[in-house]
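Student: Mind having a look at this structure? Questions to follow.
The values are calculated or read from the model by the stated rules, or taken from the named source; none is laboratory data. Not measured: the values here are computed from a predicted model. Ideal geometry is used to build each Cβ from the backbone, glycine not excepted, and the neighbour counts take in all protein chains shown.
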Amino acid sequence: MDSGLRQALARYDLDSLGRSGDVVYVIDADLRLRFVNQRYEQVADAVTGGEVLETYPLGSCVVDGIDAVLRHHYTDLFEATLQTGEPRMADYHCHTPEEERTFRCMIYPLGTEGLLTVHGELESRPWPKADVEAVRDPDTGLVSMCAGCRRVRMDEGGWRHVPQFIDEAPRDTTHGLCDPCLGFYLGATARGAQR
Ligand SMILES: [Zn+2]
């Protein structure tokens, strides 16, 4: 960690953040990981199913390895926090093969040197069991998966992440876009045209 970043971090208790039950990491102004705590490793290992620090060691860019859409989102969020110097809060979902989890993240600017991020778990719940037959369209026999976020359209309506289908899409899957992804990718024009 370079001295500017170290100095900017001096007002925080890194020992206590290191032991925290929250996920904590520090990135520099180039969004490169400079500090992670134990909980970060535990959670990231569970999500990636491997040794996260071997794949993305300290010094690697924190938004590498995430989906393009999210990469832009987080890059913008981090850069806006660095530019304004104001802390920000963001909620996001993150899942392991066993559970879906919601985190609330606080992002604290470290001057212009980098960012301290603290991610507390708001909620976690086991995945619902998914029966592929139950999510097939009764008319076409197809399973609809969102091309943006890979959630699956459920028979009772709405879209959900189903881990077993993310790992391997069921046979006879057709791709569409869920409402928020439609809005994000295509915007109001497409929504208007659909009506
Ligand atoms: Zn979607």
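Student: Please pick out the residue among Leu122, Leu110 that is crowded, with 17+ Cβ neighbours inside 10 Å, under 19 Å from Ser20 (Cβ atoms) and not acidic (Asp, Glu).
Tutor: Leu110
Listed here are the residues, each with its yes/no results for (1) of a type outside the set (A, V, I, L, M); (2) modelled with pLDDT under 95.
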site	(1), (2)
Ala44	no, yes
Thr55	yes, yes
Asp67	yes, yes
Asp76	yes, yes
Thr81	yes, no
His93	yes, yes
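Student: Of a type in the set (Gly, Ala, Ser) and in contact with a strand residue (DSSP E or B) (Cβ under 9 Å, 6 or more places away or on another chain), is that true of Ala10?
Tutor: no
Student: Mind checking which residues of the stretch 104-129 are among the polar types (S, T, N, Q) and either at pLDDT below 85 or part of a strand (DSSP E or B) (or both)?
Tutor: The answer is Thr117, Ser124.
Student: Restricting to the stretch 9-47, count the residues that are among the hydroxyl-bearing types (Ser, Thr, Tyr) and either assigned to a helix (DSSP H, G or I) or over 24 Å from Glu79 (Cα atoms) (or both).
Tutor: Residues that pass the stated criteria total 3.
Student: Is one or more of the residues making up the stretch 62-72 within 16 Å of the ligand (Cβ to nearest atom), touching a residue at least 40 places away in the same chain (Cβ under 8 Å) and surrounded by fewer than 15 Cβ atoms within 10 Å (Cβ to Cβ)?
Tutor: yes
Student: In the set Arg6, Arg101, which member is assigned to a helix (DSSP H, G or I) and surrounded by 14 or more Cβ atoms within 10 Å (Cβ to Cβ)?
Tutor: Arg6
Student: Here's another thing I want to ask about it. What's the total number of residues in the stretch 153-171 that are within 17 Å of Asp67 (Cβ to Cβ) and within 11 Å of the ligand (Cβ to nearest atom)?
Tutor: Here the count works out to 2.
Student: Taking the stretch 125-148 on its own, how many of its residues are over 20 Å from the mean Cα position of the chain (by Cα) and either within 16 Å of the ligand (Cβ to nearest atom) or surrounded by 12 or more Cβ atoms within 10 Å (Cβ to Cβ) (or both)?
Tutor: Final tally of qualifying residues: 8.
Student: Looking only at the stretch 35-59, filter to residues that are exposed (fewer than 15 other Cβ atoms within 10 Å of the Cβ) and of a type in the set (Ser, Thr, Tyr); which one of those is farthest from Met1 (Cα to Cα)?
Tutor: Looking at residues that are exposed (fewer than 15 other Cβ atoms within 10 Å of the Cβ) and of a type in the set (Ser, Thr, Tyr), I get Thr48.
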